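The values are calculated or read from the model by the stated rules, or taken from the named source; none is laboratory data. Source: prediction; values computed, not measured. Cβ placement follows ideal geometry from the backbone for every residue including glycine, while neighbour counts extend to all protein chains displayed.
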Amino acid sequence: EGKLSDTGQIVSFTAQLGNKVRQRRQLLMELRDALKNEELLLYYQPIFALGECQSLVGFEALIRWNHPSRGLLEPQDFIPAAEDGGLIGQIGDWVLEEALSALKRLHQANESVDRPYLSVNIAAAQFLQPNFAKRLYQLMRDADIECSALTLEITESVALVDTVRTAAVLGLIRQWGVRTSLDDFGTGYSSLSYLKNLPFDTLKIDKSFVQTMSDRRCRSIVRAILDIADNLELNVVAEGIETAEQCETMRLMGAQSGQGYLFGRPMSEKSALTLLKNDLLSISRHGNG
Ligand code: C2E
Ligand code: MG
Ligand code: MG
Ligand code: MG
């Protein structure tokens with residue numbers, strides 16, 4: 001009897017695995033169509049300066065998939081599959097192209113000197129492609145945009161696959177003026193020594209820290225991170241700010257910028273443009289006294 005149920009478990013386990021493989025394959029096929037059928041879109045989440053005058057400084061582009069039957073999908077539902085299935089290059093190119101043209105539209109809506117920047121997430125498999133820098137260069141040239149308005153976000157795990165190569169690629173794109181940002185800081189490897197060898201402009205403190213700052217021990221970690229950032233002359237963005245209290249704590253501790261539901265959820269380009277115009281209005285009102 002025991003034997004029988006064992007076999008039964010193995011059979012159902014194998015069947016489940018087969019299902020998973022089939023589902024993945026199906027998802028990849030649909031994702032290929034999604035690129036052709038223009039089902040992918042970008043949302044934009046505002047990033048604000050945390051100083052006295054909380055002005056809008058930029059946006060982060062966040063991908064979504066308007067799936068024909070499953071509705072709006074989030075990156076966690078399809079980016080890992082795209083990375084494994086060799087589709088991330090194409091998707092990453094689409095993201096960069098779309099982000100650059102949106103950036104142009106945002107700048108056209110904004111005549112002031114302090115134009116917002118746009119921060120774009122780059123997947124590991126995308127960043128590590130041998131022709132990544134060349135593709136980026138082509139896309140930026142075609143988009144005809146100030147390089148300094150673009151920030152690339154990569155995570156620690158990407159940076160540490162090959163630090164020498166990562167440093168070289170980051171160094172190159174920074175020479176063009178593109179900014180670089182270390183995403184989800186604090187969640188990956190705990191060795192901080194590599195930071196000094198990698199040319200980043202910005203460090204994004206992961207929301208898991210920002211959201212547990214009522215805990216004294218967590219606060220001391222954040223304080224240490226901000227101290228390192230200060231010494232290395234890195235700009236800090238606090239992610240996942242949901243409450244006024246979290247915002248105030250991060251501001252007092254010295255984070256320059258913040259991003260989170262308190263300020264705004266990821267939104268359509270149209271809403272981002274409206275937000276930008278309203279922000280400019282409020283600044284000019286302040287300026288006029
Ligand atoms: P991320 O780059 O760390 O992006 C921040 C995530 O935190 C976003 O989730 C955002 O919606 C969410 N978030 C922002 N503020 C708050 C808050 O106050 N509270 C909470 N609970 N969440 C907040 P999203 O859009 O689901 O993206 C998840 C991840 O997917 C991103 O994490 C990024 O690693 C990846 N991703 C997004 N867009 C792209 C893309 O175009 N290309 C690649 N390769 N990866 C992307
Ligand atoms: Mg999400
Ligand atoms: Mg990011
Ligand atoms: Mg992050």
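Are there any helices (runs of 4 or more DSSP H) wholly within the range 100-182 with 2 or more residues that are without any contact (Cβ under 8 Å) to a residue 40 or more places away in the chain and within 22 Å of Ile88 (Cα to Cα), and if so which?
Working: elements: 124-127, 132-143, 156-161, 163-175.
Filter on the range 100-182 gives 132-143, 156-161, 163-175.
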Exercise. Right, Val237: in contact with a Ser or Thr (Cβ under 6 Å, 6 or more places away or on another chain) and not hydroxyl-bearing (Ser, Thr, Tyr) or not?
Worked result: yes
Seminar exercise, completed: Residue set Gly71, Gly85, Gly51; condition under 25 Å from Glu242 (Cα atoms) and away from ligand 4 (no atom under 16 Å from the Cβ); output residue Gly51
Problem set entry | Any pair with Cβ under 8 angstrom, 6 or more apart, that starts in the range 201-212 at a residue that is more than 16 Å from ligand 2 (Cβ to nearest atom) and ends at one that is acidic (Asp, Glu) and modelled with pLDDT of 90 or more | Ile205/Glu239
Exercise. If only one of Ser101, Ser119 is under 20 Å from the mean Cα position of the chain (by Cα), surrounded by 20 or more Cβ atoms within 10 Å (Cβ to Cβ), among the polar types (S, T, N, Q) and at pLDDT 95 or above, which one is it?
Worked result: Ser119
For this session: Would you be able to tell me the number of residues in the range 63-74 that are within 16 Å of ligand 3 (Cβ to nearest atom) and either in contact (Cβ under 8 Å) with a residue 24 or more places away in the chain or more than 19 Å from Tyr43 (Cβ to Cβ) (or both)?
Result: 2
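Taking only the range 16-70 into account, find how many residues are closer than 30 Å to Glu248 by Cα and part of a loop (DSSP other than H, G, I, E, B).
We begin by selecting, within the range 16-70, every residue closer than 30 Å to Glu248 by Cα; these are 42-63.
Going one step further and asking which of them are part of a loop (DSSP other than H, G, I, E, B), we end up with 50-55.
Within the range 16-70, residues that are closer than 30 Å to Glu248 by Cα and part of a loop (DSSP other than H, G, I, E, B) number 6.
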Exercise. When only residues in the range 212-244 that are surrounded by fewer than 17 Cβ atoms within 10 Å (Cβ to Cβ) and closer than 18 Å to Arg265 by Cα count, which is farthest from ligand 3 (Cβ to nearest atom)?
Worked result: Ala244
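Tell me, which residue of the range 71-86 that is in a loop (DSSP other than H, G, I, E, B) and at pLDDT below 95 is nearest to Met29 (Cα to Cα)?
Keep residues of the range 71-86 that are in a loop (DSSP other than H, G, I, E, B), which gives 74, 78, 85-86.
Filter once more, keeping what is at pLDDT below 95: 85-86.
Working: Gly85: 10, Gly86: 12 Å.
That would be Gly85.
Would you mind finding the one in Ile88, Ile63 that is within 18 Å of the chain's Cα centre (by Cα), buried (at least 18 other Cβ atoms within 10 Å of the Cβ) and more than 21 Å from Phe263 (Cα to Cα)?
Working: Ile63 fails: more than 21 Å from Phe263 (Cα to Cα).
From the options Ile88, Ile63, the qualifying one is Ile88.
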Exercise. What pairs come up if the first residue lies in the range 33-50 and is modelled with pLDDT of 95 or more, the second is among the aromatic types (Phe, Trp, Tyr) and within 16 Å of ligand 4 (Cβ to nearest atom), and their beta carbons are under 6 Å apart, counting only those six or more places apart or on different chains?
Worked result: Tyr44/Phe59; Pro46/Phe59; Pro46/Phe263; Phe48/Phe263
For this session: List every residue pair whose Cβ atoms sit under 9 Å apart, with the two residues 6 or more apart in sequence or on different chains, where the first one lies in the range 82-97 and is of a type in the set (Phe, Trp, Tyr) and the second, anywhere, is away from ligand 3 (no atom under 15 Å from the Cβ) and not in a helix (DSSP H, G or I).
Result: Trp94/Leu40
For this session: Sort through Leu100, Leu35 and tell me the only one that's in contact with a helix residue (DSSP H, G or I) (Cβ under 7 Å, 6 or more places away or on another chain) and under 21 Å from Met267 (Cβ atoms).
Result: Leu100
For this session: Could you list, in sequence order, all residues of the range 197-247 that are over 30 Å from Ile173 (Cβ atoms), charged (D, E, K, R), touching a Leu at 6+ places or on another chain (Cβ under 9 Å) and away from ligand 1 (no atom under 12 Å from the Cβ)?
Result: none
Seminar exercise, completed: Residue hits (the range 58-77; among the acidic types (Asp, Glu) and more than 11 Å from ligand 2 (Cβ to nearest atom)) are Glu60
For this session: Looking at (1) out of contact with any helix residue (DSSP H, G or I) (no Cβ under 9 Å at 6 or more places or on another chain); (2) free of Cβ contacts under 8 Å to residues at least 40 places away in the same chain; (3) within 11 Å of ligand 1 (Cβ to nearest atom), find the lone condition where Glu60 falls short.
Result: (2)
